[in-house]
Amino acid sequence: MYCQVKGLVFTLLLFFLLPFSCLAGSPDQGHPATDVKGPAILLVTFGTSVPSAQVAFVNIEKQVRATFPGTEIRWAYTSKIIRKKLAKNGVQIDSPETAMAKLMDDGYTKVVVQSLHMITGAEFHEIYANTKLFEQMSGGIGKVVVSYPMLTTDESMERVLQAIVADVVPKERKPGEAVVLMGHGTHHPSDAIYSALMYKLQKRDANMYIGTVEGHPTFDEVKEMLVKKGIKKAYLVPFMTVAGDHALNDMAGDEADSWKSQLSKAGIESVPVLKGLAEVDSLVALWIDNLKIAMGQVK
Ligand code: CO
């Protein structure tokens, strides 16, 4: 009898406890399970509407995929003008904010945002400010790491210049011929990095220069230096992610105010090199190295 009661109590205990123990072993249905997905990578660039410049982005994605196999990789363009232009042709590219919202909706709890820019300028800081806000949202992305662009440290500047000399400057360049890099330039304080680069370029090779479209050093400053030195031929190289609108028009275009035309007017023959820096593996490697550090911070 005692044994039967004991058995009954045990059965009842089992009956009541089993559902709770089952619940304890299964994910809490009321809250999203953490780390079910991710970390995802969001690649953010200014964007381009020039189809031939797309090869640079294809190359970046190929290398990111090879480095982080199986990882969700998405793109966002910061330029509203470019996004609208592409949308008219049926190509839908998200802004960084929309891309982050979609990642949030899709359940990603960790996101690494890679800035595919050259410097820590205005766009980088905007991306940083806006994507980090997703960490503060209820049910948002728990961890957002924004990875640095290409040029950050003194060492990164040296690596970039080394790669440009080795992999971008045409081999047929003869002594006495100049190389003029075209940087974008910005109103942002980080514009100073281009002048730091000029110093480093000149230390490495006195016939290498960098000018910018919207900042300093200006093209006029560079032109003056070339004329003063008696340079007769210069290779024009975009110091930008892609050989897009600035490279095709402001640098190598036939209009009177292009760098090519202005140099020609000053008696200097110029040879445009229409290659975006993201087409060069040794340069993409700098972004990948930053991405590796950032991915290490979300794991
Ligand atoms: Co521009």
Q. With the calculation restricted to Cα positions, what are the radius of gyration and Dmax of segment 34-87 in angstrom?
A. 13.1, 41
Q | Set of aspartates and glutamates with alpha-carbon distance to residue 80 below 13 Å, sequence-local pairs under 8 removed | A | 94, 97, 123
Q.
What are the ³J(HN,Hα) couplings of segment 121-134, residue after residue, when phi is run through the Karplus curve with 6.51, -1.76, 1.60 and θ = phi - 60°? Round to Hz, x for glycine and proline.
A. x, 4, 5, 4, 5, 5, 4, 4, 4, 6, 6, 5, 4, 5
Q | Surface accessible to a 1.4 Å probe, per residue, for the residues of segment 181-299, Å² | A | 44 Å²
Q. When Lys and Arg each count +1 and Asp and Glu each count -1, what net charge do the other residues less than 14 Å away from residue 188, Cβ to Cβ, add up to?
A. -4
**Q.** Net +/- balance of residues flanking residue 76 in space, Cβ distance below 10 Å, scoring K and R +1, D and E -1
**A.** +1
Q) Not counting the cut sites, what is the longest span of the chain without GluC sites (Glu not before Pro) that DSSP labels loop and that have at most 14 other Cβ atoms within 10 Å? A) 1-171
Q) Label-point separation (nm) for residue 216 and residue 129, each offset 7 Å from Cα along Cα-to-Cβ? A) 2.4 nm
Q. What is the distance, in nm, between label points placed 7 Å from the Cα along the Cα-to-Cβ direction at residue 285 and at residue 202?
A. 2.9 nm
Q: Report the extension gain between residue 88 and residue 274 in nm, rounded to one decimal, defined as 0.36 nm multiplied by the number of residues separating them, less their alpha carbon distance.
A: 64.3 nm
**Q.** Accessible surface of the chain, 1.4 Å probe, proportion on carbon and sulfur as whole %
**A.** 59 percent
Q.
Given axes a ≥ b ≥ c from the Cα gyration tensor, I'd like to know whether segment 181-223 is rounded (a/c under 1.5), prolate (a/b larger than b/c) or oblate.
A. oblate
Q. Hey, any idea what Rg/Rh is for segment 164-299, computing Rh the Kirkwood way over Cα pairs?
A. 1.00
Q. For segment 32-101, what is the accessible area per residue in Å², given a 1.4 Å probe and the full set of protein chains?
A. 52 Å²
Q | Size-normalised alpha-carbon gyration radius of the chain, reference 2.2 N^0.38 Å | A | 1.39
Q) Which residues' amide hydrogens lie under 5 Å from the amide hydrogen of residue 146, considering only partners 5 or more residues apart or on another chain, with H built in the peptide plane? A) 113
Q: Hey, can you grab everything whose amide H is under 5 Å from the amide H of residue 117? Only 5+ residues off in sequence or another chain; H modelled, so Pro and N-termini drop out.
A: 150
Q: For residue 72 and residue 104, compute 0.36 nm times the residue count separating them, minus their Cα-Cα distance, and round to one decimal in nm.
A: 10.2 nm
Q) In the structure displayed, which of 37/84; 37/132; 171/200; 229/265 lie more than 25 Å apart, Cα to Cα? A) 37/84
(Q) Calculate log10 I(q)/I(0) of segment 62-126 for q = 0.28, 0.29 Å⁻¹, where I(q) comes from the Debye formula with a single equal point scatterer on each Cα and nothing for solvent. (A) -1.24, -1.24
Q. In terms of modelled amide H atoms, which long-range or inter-chain residues lie less than 5 Å from the amide H of residue 271?
A. 234, 235, 236
Q: Between beta-carbons, use under 15 Å as the cut-off and find the net charge around residue 129, counting Lys and Arg +1, Asp and Glu -1.
A: -3
**Q.** Rounded D (µm²/s) - segment 146-242, Kirkwood Rh over Cα pairs, Stokes-Einstein at 20 °C, 1.002 mPa s
**A.** 156 µm²/s
Q) Which aspartates and glutamates, on any chain, are close to residue 232 with Cα under 17 Å apart, when same-chain ones fewer than 8 places away are left out? A) 172, 177, 205, 220, 221, 224, 269
Q. Hey, what angle do you get for helix 54-67 against the long axis of the chain, alpha-carbon based, 0 to 90 degrees rounded to 10?
A. 40 degrees
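The values are calculated or read from the model by the stated rules, or taken from the named source; none is laboratory data. Predicted model only: the values in this text are computed from it and were never measured. Cβ sites come from the backbone with ideal geometry, for glycine too, and all protein chains shown count toward neighbours. These area figures cover heavy atoms from the full protein model, side chains too; ligands, DNA and RNA do not enter into them. Shrake-Rupley method; radii C 1.70, N 1.55, O 1.52, S 1.80 Å.
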